[in-house]
């Protein structure tokens, strides 16, 4: 008789996982306030300004600019940092497309480098090896909420006079040596898209402790304006990346609720890190001891097919059948069509002279992470300990009964 759910057995989990997004009377009250005010854009309203002050305090930075989304946040941060045509920007190869696309969008050249195979974050040694005469910046992605090595990256960028941008789209609430991510680099960028740890459906933010840089960030995100100047004066080639009052109203409620959610995710993730490491062939994302809080946009484990007895893709399908909430891993940047196809960057870039040959790159740790990791939705971490333990049960069940599906991979 079949034991695995994909073969007709009983699933480990049949009840729904905690829902996302979470909203209650706080969001409804804030939205009603915006509706009644008649001020629905930030220039006239109060919600965006209030959220910016609250989020800057949360990140312990002196400033915050709320923007349309996390992609625009990276673009604006790069522009404010003086990054533009022909400059090279080092990015991790294992990240969402927007990290590299934002570099190309400001007419600079993304240079992907390999990752640390334990944390899946950008490898400082690879960064050091990639620095050249045209290198102007590094974008460090805190993948799955785990901070990149901000000590070494900060030292490298200071030594070579590079702009360090922290891509914190996964890392709301993450802390490195008990200091919030986003506060180490010249700027930190955040996303509030639907799947993120705080959400208004879409939205983003840029935080910085450099007041001069913060002024440039605000100008590039607000049509090139400057505070105190005539509304129709435009001093730089900026765009309209402003957040609406509606989104800020939702985000203020999300931020108020966030600390309790973050504590629960961290507690469940720490439990899973120990419990899953005991299962042969399962390797949870390493947590550096300097990571004093991890935001956990998702919970990531790598599958060693030989030790586990099944390849990652079969394990993925078996886990879905057992009722586990999974999403998918990113492909490596150097294999994405926009960067490998001759016309992928047109019309923004028609001449690729001086650009890397992405197809020829050898970035083995990034490719292995894309091929071997499982990404569990953060809703798995929002339940009770018994809920998290069902993931342990499901993985152990699949490994013990791997013979039921082994014929599928022969």
Quiz item: Of all residues in the stretch 50-65 being in contact (Cβ under 8 Å) with a residue 40 or more places away in the chain and out of contact with any helix residue (DSSP H, G or I) (no Cβ under 7 Å at 6 or more places or on another chain), which is surrounded by the fewest Cβ atoms within 10 Å (Cβ to Cβ)?
Solution: 60
Quiz item: Could you list, in sequence order, the residues of the stretch 127-160 that are touching a residue at least 40 places away in the same chain (Cβ under 8 Å) and either more than 18 Å from residue 182 (Cβ to Cβ) or more than 18 Å from the chain's Cα centre (by Cα) (or both)?
Solution: 130, 131, 132, 134, 135, 136, 137, 151
Exercise. Inspect the stretch 29-37 for any residue being in contact (Cβ under 8 Å) with a residue 40 or more places away in the chain, under 30 Å from residue 380 (Cβ atoms) and not in a helix (DSSP H, G or I) and give the result as yes or no.
Key: no
Quiz prompt | Residue among 350, 399, 367 that alone is farther than 29 Å from residue 148 by Cα and surrounded by 14 or more Cβ atoms within 10 Å (Cβ to Cβ) | solution = 399
Practice problem: Kindly provide the set of residues from the stretch 206-243 that are farther than 18 Å from residue 78 by Cα and crowded, with 20+ Cβ neighbours inside 10 Å, ordered by number. | Solution: 243
Quiz prompt | Answer from 203, 145, 224 - the residue that is in contact with a helix residue (DSSP H, G or I) (Cβ under 6 Å, 6 or more places away or on another chain), at pLDDT 95 or above and on the phi > 0 side of the Ramachandran plot | solution = 203
Practice problem: Quick one: count up the residues across the stretch 1-29 that are touching a strand residue (DSSP E or B) at 6+ places or on another chain (Cβ under 8 Å) and loosely packed, with under 13 Cβ neighbours inside 10 Å. | Solution: 0
Quiz item: Looking at 90, 122, 131, which is the one that is over 30 Å from residue 32 (Cα atoms), crowded, with 24+ Cβ neighbours inside 10 Å and touching a helix residue (DSSP H, G or I) at 6+ places or on another chain (Cβ under 6 Å)?
Solution: 90
Quiz prompt | Those helices (runs of 4 or more DSSP H) lying entirely in the stretch 303-383 with at least 1 residues touching a strand residue (DSSP E or B) at 6+ places or on another chain (Cβ under 7 Å) and touching a residue at least 12 places away in the same chain (Cβ under 8 Å) | solution = 305-308, 312-321, 364-372
Quiz prompt | Evaluation of residue 156 against (1) out of contact with any helix residue (DSSP H, G or I) (no Cβ under 8 Å at 6 or more places or on another chain); (2) buried (at least 19 other Cβ atoms within 10 Å of the Cβ); (3) assigned to a helix (DSSP H, G or I) (one fails), failing number | solution = (1)
Practice problem: From the list 195, 183, pick out the single residue that is out of contact with any helix residue (DSSP H, G or I) (no Cβ under 7 Å at 6 or more places or on another chain), surrounded by fewer than 23 Cβ atoms within 10 Å (Cβ to Cβ), part of a loop (DSSP other than H, G, I, E, B) and modelled with pLDDT of 95 or more. | Solution: 195
Quiz item: From the list 260, 285, 194, which one is farther than 26 Å from residue 148 by Cβ and within 21 Å of the chain's Cα centre (by Cα)?
Solution: 260
Self-check item: helices (runs of 4 or more DSSP H) completely within the stretch 43-139 that count 3 or more residues being within 30 Å of residue 277 (Cα to Cα) and at pLDDT 95 or above
Solution: 124-130
Practice problem: Any residue in the stretch 273-302 that's buried (at least 19 other Cβ atoms within 10 Å of the Cβ): show its pairings with residues that are modelled with pLDDT under 95 and in a strand (DSSP E or B) at Cβ separation under 9 Å, as long as the two are six or more apart or on different chains. | Solution: 298/327
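Rundown of residues vs (1) in contact with a helix residue (DSSP H, G or I) (Cβ under 6 Å, 6 or more places away or on another chain); (2) closer than 20 Å to residue 336 by Cα; (3) modelled with pLDDT of 95 or more, yes/no style:
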{"residue": "350", "(1), (2), (3)": "no, yes, no"}
{"residue": "365", "(1), (2), (3)": "no, yes, yes"}
{"residue": "373", "(1), (2), (3)": "no, yes, yes"}
{"residue": "390", "(1), (2), (3)": "no, no, yes"}
{"residue": "395", "(1), (2), (3)": "no, no, yes"}
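The values are calculated or read from the model by the stated rules, or taken from the named source; none is laboratory data. Keep in mind that what you see is a predicted model, and the values were worked out from it rather than measured. When we count neighbours, we look across all protein chains shown, and the Cβ atoms used for this are built from the backbone with ideal geometry, even at glycine.
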